[in-house]
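These notes are about the structure you will find just below.
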Amino acid sequence: MTEQKKVLMITKQFCPYCVRAKAVLDHALDGKYNDQIETVVREKDEARFNVLKDKYQFLTVPTFVDLSTGKTLSDSKEETITPFMKEALG
């Protein structure tokens with residue numbers, strides 16, 4: 001059984017902001033949280049993407065969802081992603 005991820009990262013293919021957000025996770029945060037983040041790509045799972053969009057009411061990607069609180073962040077900047085991840089994942 002796989003461990004439940006604590007954060008969702010909702011993205012689309014060919015999205016420059018999603019690429020930038022992934023770079024923040026990989027470089028600015030040194031991949032520290034990557035094993036705790038599940039990525040949902042719209043083009044690979046349209047049905048789940050739409051369910052998540054209805055549930056969390058986001059308008060843009062990338063969107064991060066803290067699954068324990070339901071808090072969301074729609075941004076790709078290091079200065080907003082870093083505190084969100086620290087709050088969600090410690």
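Taken together, the values in this text are just the output of simple stated rules run on the coordinates, not laboratory data. The model shown is predicted, which means the values in this text are computed figures rather than measured ones. Ideal geometry is used to build each Cβ from the backbone, glycine not excepted, and the neighbour counts take in all protein chains shown.
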Stretchable slack from ASP54 to THR39, in nm (0.36 nm times residue separation minus alpha-carbon distance): 3.7 nm
From phi via Karplus (6.51, -1.76, 1.60), per-residue ³J(HN,Hα) for the range 66-82 in Hz, x at Gly/Pro: 7, 5, 7, 10, x, 5, 10, 9, 10, 6, 10, 9, 4, 5, 9, 5, 4
Out of residues 5 or more away from VAL61 or on other chains, whose amide H comes under 5 Å of its own, with H placed 1.01 Å from N in the peptide plane? none
Throw me the Rg/Rh for the chain, computed over C-alpha atoms with Kirkwood Rh, two decimals. 0.93
Can you tell me the dipole magnitude for the chain around its Cα centre, using point charges on the Cβ only (Lys, Arg +1; Asp, Glu -1), in Debye to the nearest 20? 180 debye
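How would you rank 46-53, 60-67, highest first, on the average number of other Cβ atoms within 10 Å across their residues? Can you show the working numbers first?
Details: 46-53: 13.2, 60-67: 19.9.
Sorting 46-53, 60-67 by mean packing, highest first, produces 60-67, 46-53.
Could you work out the relative contact order of the chain, using alpha carbon pairs under 8 angstrom and six or more residues apart, expressed as a whole percent?
On the way: 126 pairs, mean separation 34.7, N = 90.
Relative contact order of the chain: 39 percent.
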Work out the charge dipole of the chain with +1 on the Cβ of Lys and Arg and -1 on the Cβ of Asp and Glu about the Cα centre, then indicate which of THR11, ILE81, ALA28 is farthest towards its positive end. THR11
For the range 6-22, 3J(HN,Hα) per residue [Karplus equation, 6.51 cos²θ - 1.76 cosθ + 1.60, θ = phi - 60°, Hz, x = Gly/Pro]: 9, 9, 9, 10, 9, 9, 10, 5, 6, 9, x, 5, 5, 4, 5, 5, 5
Would you mind checking which residues have amide H under 5 Å from SER74's amide H? H placed 1.01 Å from N; only 5 or more apart, or other chain. PHE64
